[in-house]
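The values are calculated or read from the model by the stated rules, or taken from the named source; none is laboratory data. A quick note: this is a predicted structure, and the numbers were derived from the prediction, not measured. A quick note on method: Cβ atoms are made from the backbone with ideal geometry, for glycine too, and the neighbour counts reach across all protein chains shown.
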Amino acid sequence: MPRILIVDDEPGIRQSLKGVFEDEGFTTEAVATGEECLQKFAQGAYDLVLLDIWLPGADGLETLRKLRQRSPETHVIMISGHSTIATAVTATKLGAYDFIEKPLSLEHILLTARNALSHRRLEQANDLLRHQLEERFNIVGESIPIKAVRKQIAIVAPTNSRVLIYGESGTGKELVSRNIHFMSSRANSPFVEVNCAAIPEELIESELFGHTKGSFTGASDAKKGKFELADGGTLFLDEVGDMSLKTQAKVLRAVEEHSFQPIGAPSAVRVDVRVITATNKNLQNEIAASRFREDLFYRLNVIPFFVPPLRERREDIPVLARYFMRVFSAEHGRGPKEFTSEALDMLVDYSWPGNVRELRNEIERLVIMVQEDAIQTGDLSLPNGNHTPRASTLHEARARYEREFIISKLKENNWNVSQTARLLGLERSYLYRKMKAYGIEK
């Protein structure tokens, strides 16, 4: 049950409010001065304080200032019988939740108190969710390369500089971008991700910049673009090297001018967005081949960031394998399994072309499919392992065949994803998702 503290120098008001809140089931205490209020907080925290402005000794504003320093999560409702607008503004700036004037309406004060407590519960839920998200996007590993990554994130995150993250598919470029966001001053604002390779060319402009109703065929409603949705926060453009030159020109303008014009809109929209980009391509080669704009490259490449492939930090493989085992065992309601030393050796020796994503998928499969408590070498399905991989189910056999089939078709088409998708009768975005799921890369 929430704890409420009433601070008022009028005994009648103290007793009246205390009785009302106790009748509603709240644990309530009452004191007469700001000093007594602060002494109460030295003994334990409260969820809500009703604080009079005019008090003997330290007044309500001074007490509020000290309360916010000691217990910033506590909500405070200010009460006053003869205050000015300036006083109310000051109280709000100091962090008061609301301001109520005397004579008090008990219905109004109860409603305001319930709203304040509800707001506090939402903040606590958001804090819990944030903590869970930060755990979910934790960068796992103790190798020298991964320690260097964490150190660089700590240096880069507090700034507003643009970051270009390089790394093979599956290395964790999105993970790095989220950690930069979580450790920045924008952490409480949106993090918006766009996979530039998975969006068809004809839709990416609308996806990034939005459109007005009726601006093109099929635009039955107005839509905000990702740049606008990320206002005040971070926009992560993944696989930026796959954007067309036309889209690159519009992104360049948005980055330079901090504004853009939605499709069909009469005027530009200004935004405050930190742009983080990532690619698995060598953009210098793309520039030389006239597939990427040099001016955009220099705008995005303010702080280059390199994420090492898993094969260059093999000592992290056992740590990651056990971490994913714990995560997926909890997620699927299974008991955690142990790895035999031989199975761990095989995991460490494997080259992991799909990097951490491929390892993650392998461990999730083991959690679901292996019934025994120990993972043996025969349970692993590594294509280049020292054993013949065995399929436990028709679904697993089909998935393994599908992966090899897609790789063979990509090789036949010189790794041209669009052409391969066309020949297979698939949407390019769907094929891209399949490649990502199977850890397929050139």
* Asked: Does any residue of the range 331-342 turn out to be in the same structural domain as Glu239 (by TED's automatic domain parsing) and buried (at least 19 other Cβ atoms within 10 Å of the Cβ)?
  -> no
* **Selection status of Ile303, in contact (Cβ under 8 Å) with a residue 60 or more places away in the chain, β-branched (Val, Ile, Thr) and buried (at least 22 other Cβ atoms within 10 Å of the Cβ)** => no
* Asked: Got a number for residues in the range 382-418 being modelled with pLDDT under 85 and either touching a Cys at 6+ places or on another chain (Cβ under 8 Å) or in a helix (DSSP H, G or I) (or both)?
  -> 16
* Selection count where residues are under 27 Å from Ala249 (Cβ atoms) and touching a Pro at 6+ places or on another chain (Cβ under 9 Å), scope the range 147-168 -> 5
* Structure fact -> So the helices (runs of 4 or more DSSP H) completely within the range 290-381 holding 3 or more residues that are closer than 29 Å to Ile407 by Cβ and within 27 Å of the chain's Cα centre (by Cα) are 317-331, 355-369
* What are the residue pairs meeting all of these: first residue in the range 26-49, first residue assigned by TED's automatic domain parsing to the domain that holds Leu64 and closer than 18 Å to Ala113 by Cα, second residue small (Gly, Ala, Ser) and surrounded by fewer than 18 Cβ atoms within 10 Å (Cβ to Cβ), Cβ atoms under 8 Å, and 6 or more apart or on different chains? -> Ala45/Ser71; Tyr46/Ser71
* Asked: Can you tell me how many residues in the range 32-55 are touching a helix residue (DSSP H, G or I) at 6+ places or on another chain (Cβ under 9 Å) and surrounded by fewer than 19 Cβ atoms within 10 Å (Cβ to Cβ)?
  -> 8
* Do you know which residues across the range 120-152 are over 22 Å from Arg314 (Cβ atoms) and either at pLDDT 90 or above or surrounded by 13 or more Cβ atoms within 10 Å (Cβ to Cβ) (or both)? -> Arg120, Arg130, Leu133, Glu134, Phe137
* Answer yes or no: is there a residue in the range 90-97 that is of a type in the set (D, E, K, R) and either surrounded by 15 or more Cβ atoms within 10 Å (Cβ to Cβ) or in contact (Cβ under 8 Å) with a residue 12 or more places away in the chain (or both). => no
* Within the range 68-77, identify whether any single residue is in the same structural domain as Leu106 (by TED's automatic domain parsing), of a type outside the set (S, T, N, Q) and either in contact (Cβ under 8 Å) with a residue 60 or more places away in the chain or over 27 Å from Asn126 (Cα atoms) (or both), and answer yes or no. => no
* **Looking only at the range 45-83, and only at residues there that are of a type in the set (Gly, Ala, Ser) and within 33 Å of the chain's Cα centre (by Cα), the one that is farthest from Asp98 (Cα to Cα)** => Ala45
* To do: Kindly indicate whether any position in the range 153-167 is under 19 Å from Val271 (Cβ atoms), of a type in the set (Val, Ile, Thr) and assigned to a helix (DSSP H, G or I).
  => no
* When the range 428-442 is examined, which residues are found to be in a loop (DSSP other than H, G, I, E, B) and either under 28 Å from the mean Cα position of the chain (by Cα) or more than 17 Å from Asp242 (Cβ to Cβ) (or both)? -> Tyr438, Gly439, Ile440, Glu441
* To do: Determine, yes or no, whether Pro266 is free of Cβ contacts under 8 Å to residues at least 12 places away in the same chain, farther than 29 Å from Phe137 by Cβ and not hydrophobic (A, V, I, L, M, F, W, C).
  => yes
* Since Leu104 meets every condition but one in (1) modelled with pLDDT of 95 or more; (2) in a loop (DSSP other than H, G, I, E, B), which condition does it not meet? -> (1)
